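Undergrad: One structure coming up, written as structure tokens, with questions to follow.
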Amino acid sequence: MRDFEALDRYLAERRTMPFAYGSKANDCVSFYAGAVRAMAGVDLMRGRRWSSELGAARVIARLGGFEAAISAHMTPIAPALARRGDAAGVFCPDHGMMLMLVEGETLAGPGDRGTLRRPRSAMITAWTFKD
């Protein structure tokens, strides 16, 4: 069961936290995994941590690319079926794709100055997790 009050608290804590790799991890995957941990107690990262952009790229490459890495831990679904708490893949000019949290009509993820929001229509692909 998804605890949306816990999710709201998590999002409030991250509101002004900038994108970062490493000990202050707030990259797109860490941001989403933290949201899942907050709302469902599920650890999607299970021992997978990185300290840099290069480290994240190595993990993703070892798992077969971004979409394959996410699909190894979550179930791909049609974007139209994504519900609050699911993951959204969004085009990112720097990395090809960014992982964001489905809030409803908006998507949330880490940005340079804190939480970044995009319209749901920006979603290219989606995943759900077993809760």
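Values quoted throughout were computed directly from the atomic coordinates according to the rules given, and no laboratory measurement underlies them. Because the structure is predicted, anything quoted here is derived from the model rather than measured. Heads up, the Cβs are rebuilt from the backbone with ideal geometry, glycines too, and the neighbour counts pull from every protein chain shown.
Undergrad: For a footprinting-style exposure proxy, rank VAL90, VAL59 by other Cβ within 10 Å, fewest first.
TA: On the way: VAL90 18, VAL59 13.
Fewest-to-most Cβ neighbours within 10 Å comes out as VAL59, VAL90.
Undergrad: While we're looking at this one, here's another question. Could you pull out every residue, at least 5 positions away or on a different chain, whose amide H is within less than 5 Å of the one on LEU116? Hs are placed 1.01 Å off N in the peptide plane, and Pro or chain starts have none.
TA: GLY109, GLY111
Undergrad: Helix-only estimate, please: 222 nm mean residue ellipticity of the chain, summing -39500 (n - 2.57) across DSSP H runs of length 4 or more and dividing by its residues, to the nearest 500.
TA: Dividing the helical sum by the residues of the chain leaves -9000 deg cm²/dmol.
Undergrad: Here are labelled values, (i) 14.5; (ii) 15.7; (iii) 24.2, and one is the computed Kirkwood radius over Cα pairs in Å for what I pasted. Which one?
TA: Given (i) 14.5; (ii) 15.7; (iii) 24.2, the structure-derived one carries the label (i).
Undergrad: Identify the residues of segment 104-121 with backbone N under 15 Å of a label point that sits 7 angstrom from the Cα of ASP8 along the Cα-to-Cβ direction, or state none.
TA: Of the residues in segment 104-121, 104 have backbone N under 15 Å from the label point off ASP8.
Undergrad: Using a Gaussian network for the chain with springs between C-alpha atoms less than 10 Å apart, which of these wobbles most: LEU99, LEU11, LEU63?
TA: LEU63
Undergrad: Another question about this same structure. Select from segment 64-131 those GluC sites (Glu not before Pro) which occupy a DSSP coil region and have at most 14 other Cβ atoms within 10 Å, ordered by residue number.
TA: Values: sites: GLU67, GLU103, GLU105; in loops: GLU103, GLU105.
Sites meeting the loop and neighbour criteria: GLU105.
Undergrad: Provide THR128, THR16, THR75, THR115 in ascending order of the number of other Cβ atoms located within 10 Å of each residue's Cβ, fewest first.
TA: Least to most surrounded, the residues fall as THR16, THR75, THR128, THR115.
Undergrad: Between ASP43 and MET17, with labels modelled 7 Å along Cα→Cβ, what's the label distance in nm to one decimal, could you check?
TA: A separation of 1.6 nm, rounded to one decimal place.
Undergrad: How do SER121, SER51, SER71, SER30 rank when sorted from fewest to most other Cβ atoms within 10 Å of their own Cβ? If you can, show how the numbers build up before the last one.
TA: Numbers: SER121 8, SER51 11, SER71 15, SER30 23.
Ascending Cβ contact count within 10 Å gives the list SER121, SER51, SER71, SER30.
Undergrad: Of ALA61, ALA88, ALA108, which has the largest mean-square fluctuation in a 10 Å C-alpha GNM of the chain?
TA: Between ALA61, ALA88, ALA108, it is ALA61 that shows the largest mean-square fluctuation.
Undergrad: Counting other Cβ atoms within 10 Å of each Cβ, which trypsin sites (Lys or Arg not before Pro) in segment 5-55 have at most 15 and sit in a DSSP loop? It would help to have the intermediate numbers written out before the result.
TA: Details: sites: ARG9, ARG14, ARG15, LYS24, ARG37, ARG46, ARG48, ARG49; in loops: ARG15, ARG46, ARG48, ARG49.
Taking segment 5-55 and a limit of 15 other Cβ atoms within 10 Å, the loop trypsin sites (Lys or Arg not before Pro) found are ARG15, ARG46, ARG49.
Undergrad: Also, I was wondering about something else. Using 0.36 nm per residue of separation minus the Cα-Cα distance, give me the extension gain between GLU105 and VAL59 in nm, one decimal. Write out the running numbers ahead of the final one.
TA: Values: separation 46, 0.36 × 46 = 16.56 nm, distance 3.08 nm.
So the extension gain works out to 13.5 nm.
Undergrad: Also: Long-range amide H contacts for CYS92: which residues qualify at under 5 Å (H placed 1.01 Å from N, peptide plane, sequence gap of 5 or more or a different chain)?
TA: Under 5 Å from the amide H of CYS92: MET97, MET98.
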